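Step one of this worksheet: look at the structure below.
The values are calculated or read from the model by the stated rules, or taken from the named source; none is laboratory data. Keep in mind the model is a prediction, meaning the values are calculated, not measured. Counting neighbours? That spans all protein chains shown, and the Cβs are built from the backbone with ideal geometry, glycine included.
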Amino acid sequence: MELPIDHFRLLGVGPSTDARGVLEMLQQRLDRLPEHGYSLETLDARGELLRSSADLLSDPARRSRYETDLTSLSAAGTNVIPALDIPSSLEVGGLLLLLEASQPLECFELASRSLQPPRAPALGSSREADLTLVAAHACLAGAADLQNQRLYEAAAQLLLQGQTLLQRMGLQPRLRQKLGEALDGLAPYRVLDLLSRPLTAATERAEGLRLLDELVQRRGGLEGGGDLRMSHDEFQTFFRQIRGFLTVQEQVDQFTAWATGSATADFLATTALTASGFVQRKPERIEAALSRLEASSQSGTETLMAALQLLLGRVGQAQQSFLAGASPELLAWAAQQGEDPLVQLCAYARDWLARDVLPGYRDLEADADLEAYFADRDVQMYIERHDPAPRHQAGLATPAVAPEPVATNPFASLLGGLGLQGPPPEALLDDDGDDIDGLDDPAVDTDPGFDDGDLDAAGEQRQLWPWNVLDLGQRLHGLLRPQSIALVAMGLGVLVGAAALTVRQPWRQPRPIVVVPAQTPAPPPPATPAAVRPSPQLPLTAAEPSEAELRGLLEAWLSAKASVLAGRSSALPLAELARETQVERLETERRSDASRGETQTIETRITALEVLQRSPSRIALRASLDYSDSRLGSGGAVLDRTPATSLTNQYVFARDGQTWRLVAYGRDG
């Protein structure tokens, strides 16, 4: 057998150890026998191999020739490694020494190969038992090494091989159980490893989904606590992280499968269906989400149903649901968005989509653009087919002459408030030239197809409030028959309040374990104009740079570093900002990331600066920083994240010729 190890590593000494040190190490190794109950035959073989290595390394002539051979092998290339040829009678002892030299993967591979049939065990020999024992311990140690390298699936596959080997040999039941426990403990990490693979790795991702399902089922559902290896808080943290690696369809499928008896899974399935329907312009999925939410009978979901009803063009139902479920805080927030209730409803739906619905999917990256959603032809056709308020039920007369078709966007006139072509909202006219905004004024309405009011139960006429969204939507539906209620309503909403939201709304919603409820927003502080700092003149060549100039140089370096680690080019030549050692250090880190298909996103802001030392050729300063970073995989998935924190670093700049450059930096204190 060839052991992939040299005499130095086998004995545990370095190339500079003299003969005396070699003999002292030999005695220590012979005195420290391995545990786990190896047979005397294996221990004797181990001792014989140790003495053989010590004899060679303590003999100057033999050691010199051996070192020459090692040097030749090293010069031959990286594919050539030293090895020791040992007799088969000493193989178990050699494998044990290989394991002690921290080479568990090589040890397990050789032990597994030695245990393959058809070799029959010798009568009375302990070889198979010792080989199985060393293979089991090598498997555990190798899996631990792989796990430390974040190669979780490779560690799991190694443990599975070890289990199969021990089961075939029918030996070491205690170690078989230990391997199984280690494999179970790897389950969350395997899920993370497999689901973080590229979307093209269909087989690996399918295995990750299977393991995730097993993990959830073993816990008794998302709310269950049947798995004692993960506490409730640990599972929540794991699940929040794992969601970002799932596509929207995977989330729909998984949460739907877990929804029976699980309010959390049912709610998440509703959210995933909404995201899918909104981004992919499939209102039927939003319809399914609304049906799930209505069937759940959960309290506090009326405002969420209002948003879904709005996306389906059911403006009247949405208004009723919103008023029925909105808290006083939410109503106050909505009032800040505009006077028109439709504007308020649109603002609520847009913010809910942007904050709680659209984030958290691997394959979705979209804005909560209601205008684009309702402008989609498929959305228009769906809402038209499922219009809950047909004309004859709304009591609206059909105009004698239908509106002429519009060649371009039929609602261009409704978008004038966005700076697009078309008249302002107060100039919107119906087909007869009447002001639509004046429908409640009898003096303006000349179209016999429209009533100025509805009849109450006593048969008396009541005034139609201008802000009654349902009635207004029905009237506009009668005017613009080829278009949907929702499109016209959305056009009016855009005119009045399409500005971006600046306040978060405190709506009520159920609290599943992975959905964080929104907090009541505090009004934003009044904006104060920021001090304008002049752009730094770089490269910095001033003989005595000011603090502002030093700050500009440091900011330029931090920005350049962030650009390089993000896989982009620096806006300024790195050689003008830092010495060659710092530039090479940065480029080495980038090459290492690129070899793994990774990038880094770094955000740094200098909050304070203090000059510590100053001389004509050297300046040291202390900088306080707000810092955060994320490490991204090849598909853009977040592999690791450092949350926002405050740092204090020291930076040293030196003047090379006429130019100041960064030469060193480190943590302060």
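Out of segment 35-73, which residues are surrounded by fewer than 17 Cβ atoms within 10 Å (Cβ to Cβ), farther than 16 Å from Gly14 by Cα and under 50 Å from the mean Cα position of the chain (by Cα)?
Glu35, His36, Gly37, Ser72, Leu73
If I ask for residues that are under 51 Å from the mean Cα position of the chain (by Cα) and either surrounded by fewer than 16 Cβ atoms within 10 Å (Cβ to Cβ) or small (Gly, Ala, Ser) (or both), which ones from segment 17-29 would you list?
Gln28
Please state which one of Ala664, Ala654 is in contact with a strand residue (DSSP E or B) (Cβ under 9 Å, 6 or more places away or on another chain), closer than 28 Å to Ala575 by Cβ and modelled with pLDDT under 90.
Values: Ala654 fails: modelled with pLDDT under 90.
Step by step, each of Ala664, Ala654 is checked, and only Ala664 is in contact with a strand residue (DSSP E or B) (Cβ under 9 Å, 6 or more places away or on another chain), closer than 28 Å to Ala575 by Cβ and modelled with pLDDT under 90.
Sort through Leu215, Leu228, Leu222, Leu246 and tell me the only one that's at pLDDT 90 or above and either crowded, with 18+ Cβ neighbours inside 10 Å or aliphatic (A, V, I, L, M) (or both).
Working: Leu215 fails: at pLDDT 90 or above; Leu228 fails: at pLDDT 90 or above; Leu222 fails: at pLDDT 90 or above.
Just one listed residue meets the conditions, Leu246.
Which of the residues belonging to segment 596-637 are without any contact (Cβ under 8 Å) to a residue 24 or more places away in the chain and acidic (Asp, Glu)?
Glu610, Asp626 - these are the residues of segment 596-637 that are without any contact (Cβ under 8 Å) to a residue 24 or more places away in the chain and acidic (Asp, Glu).
Are there any pairs, at least 6 apart or on different chains, whose C-beta atoms fall under 7 Å, with the first in segment 355-384 and within 14 Å of Leu312 (Cα to Cα) and the second at pLDDT below 90 and assigned to a helix (DSSP H, G or I), and if so, which?
Going by the 7 Å Cβ cut-off, the qualifying pairs are Leu370/Met490; Glu371/Met490; Glu371/Val494; Phe374/Ala486; Phe374/Leu487; Phe374/Met490; Gln380/Leu487; Ile383/Ala486.
Of all residues in segment 629-669, how many are of a type in the set (Gly, Ala, Ser) and outside any strand (DSSP E or B)?
Residues of segment 629-669 that are of a type in the set (Gly, Ala, Ser), as a first pass: 630, 633-637, 644, 646, 654, 657, 664, 666, 669.
Filter once more, keeping what is outside any strand (DSSP E or B): 633-637, 657, 669.
Final tally of qualifying residues: 7.
Among the listed residues Ser569, Ser563, Ser592, Ser559, identify the single one that is free of Cβ contacts under 8 Å to residues at least 60 places away in the same chain, in the same structural domain as Phe653 (by TED's automatic domain parsing) and in a loop (DSSP other than H, G, I, E, B). Quick ask: steps written out before the conclusion?
Numbers: Ser563 fails: in a loop (DSSP other than H, G, I, E, B); Ser592 fails: in a loop (DSSP other than H, G, I, E, B); Ser559 fails: in a loop (DSSP other than H, G, I, E, B).
The match here is Ser569.
Looking at Pro512, Pro524, which is the one that is at pLDDT below 80 and either surrounded by 17 or more Cβ atoms within 10 Å (Cβ to Cβ) or touching a Cys at 6+ places or on another chain (Cβ under 8 Å) (or both)? Please lay out each step first, then the result.
Working: Pro524 fails: either surrounded by 17 or more Cβ atoms within 10 Å (Cβ to Cβ) or touching a Cys at 6+ places or on another chain (Cβ under 8 Å) (or both).
Sole residue among the options that is at pLDDT below 80 and either surrounded by 17 or more Cβ atoms within 10 Å (Cβ to Cβ) or touching a Cys at 6+ places or on another chain (Cβ under 8 Å) (or both): Pro512.
Exactly one condition in (1) among the charged types (D, E, K, R); (2) at pLDDT 90 or above; (3) surrounded by fewer than 12 Cβ atoms within 10 Å (Cβ to Cβ) is false for Arg596; which is it?
Looking at each condition in turn, Arg596 falls short on (2).
Just to verify a result, which residue in segment 645-664, among those that are free of Cβ contacts under 8 Å to residues at least 24 places away in the same chain and within 32 Å of the chain's Cα centre (by Cα), is farthest from Gly597 (Cα to Cα)?
Looking at residues that are free of Cβ contacts under 8 Å to residues at least 24 places away in the same chain and within 32 Å of the chain's Cα centre (by Cα), I get Leu647.
Just one of the numbered conditions (1) modelled with pLDDT under 90; (2) of a type outside the set (Gly, Ala, Ser); (3) in contact with a strand residue (DSSP E or B) (Cβ under 8 Å, 6 or more places away or on another chain); (4) not assigned by TED's automatic domain parsing to the domain that holds Tyr627 is not true of Val532; which one?
Of (1) modelled with pLDDT under 90; (2) of a type outside the set (Gly, Ala, Ser); (3) in contact with a strand residue (DSSP E or B) (Cβ under 8 Å, 6 or more places away or on another chain); (4) not assigned by TED's automatic domain parsing to the domain that holds Tyr627, only one is false for Val532: (3).
Among residues belonging to segment 331-353 that are in contact (Cβ under 8 Å) with a residue 60 or more places away in the chain and out of contact with any helix residue (DSSP H, G or I) (no Cβ under 7 Å at 6 or more places or on another chain), point out the one that is surrounded by the most Cβ atoms within 10 Å (Cβ to Cβ).
So in segment 331-353, the residues in contact (Cβ under 8 Å) with a residue 60 or more places away in the chain come out as 333-334, 336-348, 350-353.
So of that shortlist, the ones also out of contact with any helix residue (DSSP H, G or I) (no Cβ under 7 Å at 6 or more places or on another chain) come out as 333, 336, 339, 351.
On the way: Trp333: 24, Gln336: 14, Glu339: 10, Asp351: 21.
Within segment 331-353, the match that is surrounded by the most Cβ atoms within 10 Å (Cβ to Cβ) is Trp333.
Taking the condition of being in contact with an Asp or Glu (Cβ under 8 Å, 6 or more places away or on another chain) and not in a helix (DSSP H, G or I), how many residues in segment 234-258 meet it?
Number of matching residues: 1.
Do we find that Pro359 is exposed (fewer than 15 other Cβ atoms within 10 Å of the Cβ) and modelled with pLDDT under 90 in this structure? Reasoning before the result, please.
Working: exposed (fewer than 15 other Cβ atoms within 10 Å of the Cβ): yes; modelled with pLDDT under 90: no.
So Pro359 does not fit the description; no.
Quick one: is Ala257 without any contact (Cβ under 8 Å) to a residue 60 or more places away in the chain and under 21 Å from Gln157 (Cα atoms)?
Values: without any contact (Cβ under 8 Å) to a residue 60 or more places away in the chain: yes; under 21 Å from Gln157 (Cα atoms): no.
No; evaluated as a whole, the condition is false for this residue.
Which count do you get for residues in segment 362-383 that are of a type in the set (A, V, I, L, M, F, W, C), assigned to a helix (DSSP H, G or I) and out of contact with any Leu (no Cβ under 6 Å at 6 or more places or on another chain)?
Within segment 362-383, the subset of a type in the set (A, V, I, L, M, F, W, C) is 364, 366, 368, 370, 372, 374-375, 379, 381, 383.
Okay, now just the ones that are also assigned to a helix (DSSP H, G or I), so 370, 372, 374-375, 379, 381, 383.
If we keep only those that are out of contact with any Leu (no Cβ under 6 Å at 6 or more places or on another chain) too, we end up with 370, 372, 375, 379, 381, 383.
Number satisfying all stated conditions: 6.
With the structure loaded, tell me whether Leu209 is buried (at least 19 other Cβ atoms within 10 Å of the Cβ) and not assigned by TED's automatic domain parsing to the domain that holds Gly635 or whether it fails that test.
Numbers: buried (at least 19 other Cβ atoms within 10 Å of the Cβ): no; not assigned by TED's automatic domain parsing to the domain that holds Gly635: yes.
Spelling it out, it is not the case that Leu209 is buried (at least 19 other Cβ atoms within 10 Å of the Cβ) and not assigned by TED's automatic domain parsing to the domain that holds Gly635.
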